[in-house]
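A.B. asks: To start, I am sharing the structure in question, which I have written as structure tokens.
No value in this document is a laboratory result; all are computed from the given coordinates. For clarity, every value in this text was computed on a predicted model and none was experimentally measured. With ideal geometry, Cβ positions are generated from the backbone for all residues, glycine too; neighbour counts draw on all protein chains shown.
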Amino acid sequence: MRSIASALLRTSIVAPMALAAVFCSATPANAAAISMNWSCQGTIFGIGQTSSMSTSVDGTAPSSVASGSAVAITLTPGASSVPSSASGFTVTNISNLKMTWPVPANSTLVSATVSGGTVAGTVSTAGGNIVLTVPGPIAGGTTFTPPAVTINVTAGAAGTPITSKYAGTSYASPGMTMTTKVAIVGNVATACYPNPSPTLTTTSVV
């Protein structure tokens, strides 16, 4: 009994380390890639455990457009690695990964599409947000690249730029979520928000 309790206690401490290692940024292929720092929280045995992780994203958009014109903004997440273990505990996989972006400021959403990546994903729009979903599962010990998301919008009023950012301001209002399956612990729901939250693209409207 003591050994089981000890293992569970050790797991409650180690699992957040596994979560923090889920997104270890690979070297960006493009020098324009922006580094992202995420504050994350996973609930383990009813207790919230916090951690941080990093990713990268490459944002491309026109430098300037006319008011009322069509604009395509492409956000390409960088390659990430899923650890196979953490302090002796096996990370089986991650699943149901979701990345969220609000509709870019000073624009009207027309559509959103996905392309590329090494794992399958879909994009949806709801409540003023664009959501990339990668169902997975993505096995521990593998490296993957989520699909790029192209957000098609109509430019708003002249004089105010179109800017894109990740969603998320707190654990309760995240910009990225996932489920991490860890041995002994099981499935751990994880919520992350960008801290800080950099602007990914800027387009002047003239």
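A.B. asks: Go ahead and run the numbers for FRET between Ala70 and Ala126, Cβ-Cβ distance against an R0 of 22 Å, rounding to 0.05.
C.D. replies: Values: r = 22 Å, r/R0 = 1.00.
The formula returns an efficiency of 0.50 here.
A.B. asks: I would also like to ask the following. Report, largest value first, the span of the C-alpha coordinates of region 108-206 along each principal axis, in whole Å.
C.D. replies: 56, 29, 22 Å, listed from the longest principal axis down.
A.B. asks: What shape does region 78-139 take by its C-alpha gyration tensor, where a ≥ b ≥ c are the square roots of the eigenvalues and a/c under 1.5 counts as rounded, a/b above b/c as prolate, and the rest as oblate? Display every interim value, and only then the final one.
C.D. replies: Values: a/c = 3.09, a/b = 2.55, b/c = 1.21.
It is prolate, given that a/c is not under 1.5 and a/b is the larger ratio.
A.B. asks: Give me log10 I(q)/I(0) at q = 0.20, 0.31 Å⁻¹ for region 44-86, Debye formula, one equal scatterer per alpha-carbon, no solvent.
C.D. replies: For region 44-86, the Cα-only Debye profile gives -0.83, -1.11.
A.B. asks: A further question follows. State the Cα centre-to-centre distance between region 34-107 and region 110-188 in whole Å.
C.D. replies: Each part's Cα centre sits 6 Å from the other's.
A.B. asks: How high is the FRET efficiency from Val110 to Ala189, r the C-beta distance, R0 30 Å, rounded to 0.05?
C.D. replies: Details: r = 33 Å, r/R0 = 1.08.
With R0 = 30 Å, the Cβ-Cβ based efficiency is 0.40.
A.B. asks: What list of ³J(HN,Hα) values in whole Hz, one per residue of region 91-107 in order, does the Karplus curve 6.51 cos²θ - 1.76 cosθ + 1.60 (θ = phi - 60°) give from phi, with Gly and Pro shown as x?
C.D. replies: With the stated coefficients, region 91-107 comes to 8, 6, 5, 10, 8, 6, 6, 10, 10, 10, 10, x, 4, x, 4, 6, 8 Hz.
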